[in-house]
Structures are given as C-alpha cells and as structure tokens.
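Engineer: I have a structure here, written as structure tokens, and I will follow up with some questions on it.
Readers should treat all values here as calculations from the given coordinates under stated rules, not as data from a laboratory. Not measured: the values here are computed from a predicted model. Note that each Cβ is placed from the backbone with ideal geometry, even for glycine, and that neighbours are counted across all protein chains shown.
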Amino acid sequence: MSGFSASNSRIRVVETVNSIDETVFDTNDDMPHIIGTAYVQNTTVDFNNLTETRAYIGQECVGEVIETWTFTFTPGFFTYSRTTLSGTYNSPSYYPSYTSGSYTPGTWQQTTTYNPSTYERDPVTYSFDPCSYTVASYLYNVDAEETSTVVNIANLPSDEDGNTVDVDFVIVQATGSRTTNGKDPRFDQALPSAVPVKTFSFQGSILLESSGKANGDSWLRRIMSVYPSGGKLKLKIQESAGQLTRGANDQAFPHIAESRSTYNFNFKVFFGRFKS
Amino acid sequence: MAVTLSITPTRFIASSGKLDSQRRYIRKDATAPDLKFVMGKNMDVAGGGLRYVNPNGTNVDDGSYNGSFSGTAGVGVKV
C-alpha cells in the first residue's frame, strides 16, 4: 500500500503498483540533486590553423617537344667556258708586187664563273622527349599534431564556511555558435560543425568538428570537455590531426591558412551530488 | 491553495507536490540502473581519431584513435 514513513532520520515514500511496493523517494538512497549553479559567459574556444610541410621526394622528369632539322651544304664551285678566236690569214698582195701573205694566229678566251655554295634546311621533324630535363618534386602533408588546452572557467560551489564542496556530476546547458568557420584544408568549404544552433545540454565532452579522408578514416577531431577537477570547473579544448597527404605532387593545401575555427559559448552549469 | 501535506490510502503529497508518491525520483542504483550520469570527461582525441567512453565504461574508437585515455563509467540511477 502506498505510504509515507519517517523515522530515525529517514523519510521514505512508497507507491504500490499492482500490489508491488515501489520506493519512489528514500532519503537513505543517494539521490541526485543540484547544489549549485554557475553562469559562464563568452567562453572562447579557439582552434588554430593547421600547418603543412613540404617533403622532397626526388627529381621529376619534364617532357618536351623536340624540334629537329638538318641542313644540306653544297660547296661552291667554278665553271669555265672558253671561246676560241680563229686565226686570220692576210692574203698576199699581187700588185704592184708580190708580197707574201701573213697569218695572224687564232687565240682563245676563257671565262670563269664561280657558283656560290648553298645551305639548305631540310623539313623540320618533331619528337617528344618524356624526360627532357628534371625538376625537384615535393609532396605536401598536413602536419600531425595533438593540442590540448585546459582553463578554469568557474569555481565549484562552496559551503557556508567557504569550503569547496565536491560535486559528483556536472550538467552543462550551452548556447553558442561558431564565430570563425574553419575550412577543410583541401576544400573551399567549412569543416562540419556538430554544434546545434539552439541551446543544448551535455555531460562530459562534446564533439565540435571532424573531417575524414577519402576512404572515410578520421584524420581531424576537435572536441571540448567540461568537468570538475581540483576545486575548479575545467574547460579542456583538444584537437587531434593525423597526417594528411596531398593527392598530387607539388600542390600545397589551398586552404590550410583558413582552417582556424573559433566558437563562443555561454554555459549554465549545474553542479550535482548524490549525497548531501 | 497549495497542499502542505496530504496522505490518503493511495497517495502521499508533501510541499505542494514537490514530493509526490506518484512521481519517480531518480536514485543512485548500481545494480539495475535505468540510466547513467556521466561523471566527467568522456571523449578523447589522438592520431586524428576519437575515443568515446560509453556511460557503461566501454570504449568506442573510430579506427584512427591511437591514444590511451580511459574514462570512467557513469553512475547508474534508477527512476
């Protein structure tokens, strides 16, 4: 039967359902309750730009079209021609007295002609040399890195004497937005963000951003955690980037310098205990 | 008018209903919990990957994670 009992510093409430007594409230149980609340305004979460490294991987051939031609040289030469001039015979004179005739011998004349040399180019031929020369080749990688930052964002609740009270759990109610849209180093697009546009609650940690390789494997994670430790409420910001290799040689990551993301959050933090 | 205390054979109400036998007040229960309270940090990143620690304390890795974080199991509560 449903009932209430109070004895020996214990209050107990029982509800009877289908003839079975179920405890709905019992001060002997550890019952979670909130012992304090904190408001943390304008908390900035900042992930710096990723970095890349250029690695020399060797010489790379550069192809080239080769233009080829030859010349035919014909040396100059002389040509000669001769002209013969016949001799002349002077007939004798018979009057008034006989005189003998005379003969003027013939001669010849030579003409020399020089034919200059010629230098003629043959038709041009083309061929492709796949390794006409070489250049240094590089491969770009996003640097693997692990970064972690821990800051105190609030004090834990204290009792009436000012002593810090240990808490068993923390529930965070958050509102916030991404104020800098970090880009995936490979693409002109922002990294996917897991932060809802409205108020959301979480305990422990929350994933903020991630990115995967072409095969789906994760290579980038950005998270934050809110938890009590050492009398303080801590905010831990973590980033882990695995090495990411560019798919083509000699090409840097075009958006590596735009990969920084920032967030601004307002937290309402509930500090809870199981025992008073 | 608010009821300070009401006791009937089938129901107990106190403090204007803040304590009501027909409600379910969650209590710590390690043996048969209905849900768990996460007690602290429950994710870690390393090697470009993520480890998520389930409320029951088991690790769920994404295949890239290469760290050694070990979170703690949540505390079970019963409704």
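Engineer: For a Förster distance of 35 Å, can you work out the FRET efficiency between the beta-carbons of A:ARG10 and A:THR37, rounded to the nearest 0.05?
Structural biologist: It comes to 0.80.
Engineer: In whole Å, what is the distance between the alpha-carbon centres of segment A:1-63 and segment A:216-276?
Structural biologist: Between the Cα centre of segment A:1-63 and that of segment A:216-276, the gap is 19 Å.
Engineer: Expected output is a single nm value to one decimal: the length gained when fully extending between A:VAL150 and A:VAL65, i.e. 0.36 nm times separation in residues minus the C-alpha distance. What is it?
Structural biologist: 24.6 nm
Engineer: Would you look at the GNM of chain A, springs on alpha carbons closer than 10 Å, and say which of A:ALA136, A:ALA154, A:ALA214 moves the most?
Structural biologist: So, out of A:ALA136, A:ALA154, A:ALA214, the one fluctuating most is A:ALA214.
Engineer: Okay, next question. On full extension of the chain, what length is gained from A:ASP161 through A:ASP46, given 0.36 nm per residue of separation minus the C-alpha to C-alpha distance? Spell out each step's value before the answer.
Structural biologist: Working: separation 115, 0.36 × 115 = 41.40 nm, distance 3.69 nm.
Using 0.36 nm per residue and subtracting the Cα-Cα distance, I get 37.7 nm.
Engineer: How much FRET efficiency would the formula 1/(1 + (r/R0)^6) give for A:THR104 and A:THR83, where r is the Cβ-Cβ distance and R0 is 22 Å, rounded to 0.05? Walk me through the numbers before you get to the answer.
Structural biologist: On the way: r = 17 Å, r/R0 = 0.76.
The computed FRET efficiency comes out at 0.85.
Engineer: If you add up the charges near A:PHE271, with Lys and Arg at +1 and Asp and Glu at -1, over every other residue whose beta carbon is less than 15 angstrom from its beta carbon, what do you get?
Structural biologist: Local net charge: +2.
Engineer: Each residue of segment A:147-161 in order: what ³J(HN,Hα) in whole Hz does its phi give by Karplus 6.51 cos²θ - 1.76 cosθ + 1.60, θ = phi - 60°, with x for Gly and Pro?
Structural biologist: 10, 8, 9, 10, 10, 7, 10, 6, 8, 6, x, 10, 7, 5, 8
Engineer: Please arrange A:ARG12, B:ARG23 by counting, for each residue, the other beta carbons lying within 10 Å of its beta carbon, fewest first.
Structural biologist: B:ARG23, A:ARG12
Engineer: Past the 19 Å Cα-Cα mark, which pairs from B:LYS36/B:LYS78; A:LYS183/A:LYS213; A:LYS275/B:LYS36; A:LYS234/B:LYS28?
Structural biologist: A:LYS234/B:LYS28, as the Cα separations exceed 19 Å there.
Engineer: If you average over every viewing direction, what projected area does the convex hull of the Cα atoms of segment A:122-203 give, in nm²?
Structural biologist: On the way: hull surface 50.4 nm².
The Cα convex hull of segment A:122-203, projected and averaged over all directions, gives 12.6 nm².
Engineer: What's the whole-number percent of alpha carbon pairs in chain B lying beyond 17 angstrom?
Structural biologist: Values: 1911 of 3081 pairs.
Across chain B, Cα pairs with separations above 17 Å total 62 percent.
Engineer: What is the mean number of Cβ atoms from other protein chains located within 10 Å of the Cβ atom of each residue in peptide B:26-38, rounded to a whole number?
Structural biologist: Counting Cβ atoms of other protein chains within 10 Å of each residue's Cβ and averaging gives 3.
Engineer: Per-residue HN-Hα couplings for segment B:44-54, Karplus 6.51 cos²θ - 1.76 cosθ + 1.60 at θ = phi - 60°, whole Hz, x for Gly and Pro?
Structural biologist: 8, 10, 6, x, x, x, 10, 10, 10, 9, 4
Engineer: Treat each spin label as a single point 7 Å out from the Cα along the C-beta direction, and report the B:SER6 to A:TYR133 distance in nm.
Structural biologist: For B:SER6 paired with A:TYR133, the spin-label model returns 9.6 nm.
Engineer: Could you please state, rounded to a whole Å, how far the C-alpha centre of segment A:130-183 is from the C-alpha centre of segment B:9-68?
Structural biologist: Segment A:130-183 and segment B:9-68 have Cα centres spaced 24 Å from each other.
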